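**Q** This is the structure, below, for whatever I ask next.
The values are calculated or read from the model by the stated rules, or taken from the named source; none is laboratory data. What you see is a predicted model, and the numbers here were worked out from it, not measured in a lab. Cβ placement follows ideal geometry from the backbone for every residue including glycine, while neighbour counts extend to all protein chains displayed. Side chains are part of the model used for accessible areas, which takes the heavy atoms of the whole protein and leaves out ligands, DNA and RNA. Shrake-Rupley method; radii C 1.70, N 1.55, O 1.52, S 1.80 Å.
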Amino acid sequence: MNPIFPAATSSYYVYSCALGPITIGQSRNAIVWVRFGIHPLPDIPKARSAVTDRAAQQIDEYLRGERQRFTLPLDPQGTPFQKAVWKALTLIPYGMQYSYSDVADQIKKPRAVRAVGMANNRNPIAVLIPCHRVVGIDGSLVGYAGGLEVKEALLKLERTGQPVAIKPKICVIGSINMDMVTTTERIPKMGETM
């Protein structure tokens, strides 16, 4: 299994949000990954669950400027070092930006700045583990899995409290099995119950 989509994933579902489609994976009633775009996974059931619906709802509230903290069970899969970095990212306050060296200092590994950058890059749970709050030492925006436009929009949301307003882009990763995602299938909006 690709490390972006851990073997621990028991199901996933695609939701629509202000940033376009977002795919949420869960296992054992915890979120294991959140990715921008549509990510069809042929070996994993595509099914909504209470925890993916709650994650979608909380992400939607966040993108509308109505939520600053997430209250979801998270279970990111990674090395002990990566997990320490991801835990540190969850401690960065809403509206604040830390540098990679700030995060390295926070986990008591001040010489591990590059390793912190790699762990940040491999964050499997976009938005909920706020790797978008990490910037270059000079305050410059640096890479983000959702693209720098999305990172900039998330940071602006946290600075101003104004809802995210960028044109969603459709991103489909891998080949699509038309049994999984069809042109007639409607992607539910965040927080919508079906």
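**Q** At a Förster distance of 22 Å, what's the computed FRET efficiency of Lys156 paired with Glu66, Cβ-Cβ distance as r, to 0.05? Walk me through the numbers before you get to the answer.
**A** Numbers: r = 16 Å, r/R0 = 0.71.
The pair Lys156/Glu66 has a calculated efficiency of 0.90.
**Q** By how many nm would the segment from Leu141 to Ile107 grow when fully extended, if each residue of separation counts as 0.36 nm and the alpha-carbon distance is taken off? Show your work: numbers first, answer last.
**A** Details: separation 34, 0.36 × 34 = 12.24 nm, distance 2.18 nm.
Separation in residues times 0.36 nm, less the Cα-Cα distance, equals 10.1 nm.
**Q** Something else: Of all accessible surface on the range 65-173 at a 1.4 Å probe, what whole percent is carbon and sulfur? Walk me through the numbers before you get to the answer.
**A** Values: 3290 of 6100 Å².
That fraction is 54 percent.
**Q** Same structure again: For the range 13-104, what does the accessible surface come to per residue with a 1.4 Å probe? Please give it in Å². Don't jump to the answer; show the numbers that get you there.
**A** Working: 3760 Å² over 92 residues.
On a per-residue basis, the range 13-104 sits at 41 Å².
**Q** Let me see the P(r) profile for the range 10-85: every Cα-Cα distance counted, bins of 5 Å, each bin given as a percent of all pairs.
**A** Once binned at 5 Å, the Cα pair distances of the range 10-85 give 3, 16, 25, 24, 18, 11, 2, 0.
**Q** Which whole-Hz couplings ³J(HN,Hα) result when phi for each residue of the range 19-32 is put into the Karplus expression 6.51 cos²θ - 1.76 cosθ + 1.60, θ = phi - 60°, listed in order with x for Gly and Pro?
**A** So the J values, rounded to whole Hz, are 9, x, x, 9, 10, 10, x, 9, 7, 6, 6, 9, 6, 10.
**Q** Which Rg and Dmax, in Å, describe the Cα atoms of the range 1-133?
**A** Considering the range 1-133 through its Cα atoms, Rg and Dmax are 14.7, 43 Å.
**Q** Can you tell me the order of 20-32, 54-66, 101-113, 145-157 when each peptide is scored by its average per-residue count of other Cβ atoms within 10 angstrom, highest first? Kindly include the intermediate steps, with their values, before the conclusion.
**A** Details: 20-32: 21.5, 54-66: 19.7, 101-113: 16.3, 145-157: 17.8.
Per-residue mean Cβ counts within 10 Å order the peptides as 20-32, 54-66, 145-157, 101-113.
**Q** Then there is this: Between beta-carbons, use under 13 Å as the cut-off and find the net charge around Gln106, counting Lys and Arg +1, Asp and Glu -1. Kindly include the intermediate steps, with their values, before the conclusion.
**A** Working: positive: Lys87, Lys108, Lys109, Arg133; negative: Asp102, Asp105.
Once all neighbours under 13 Å are counted, the net charge is +2.
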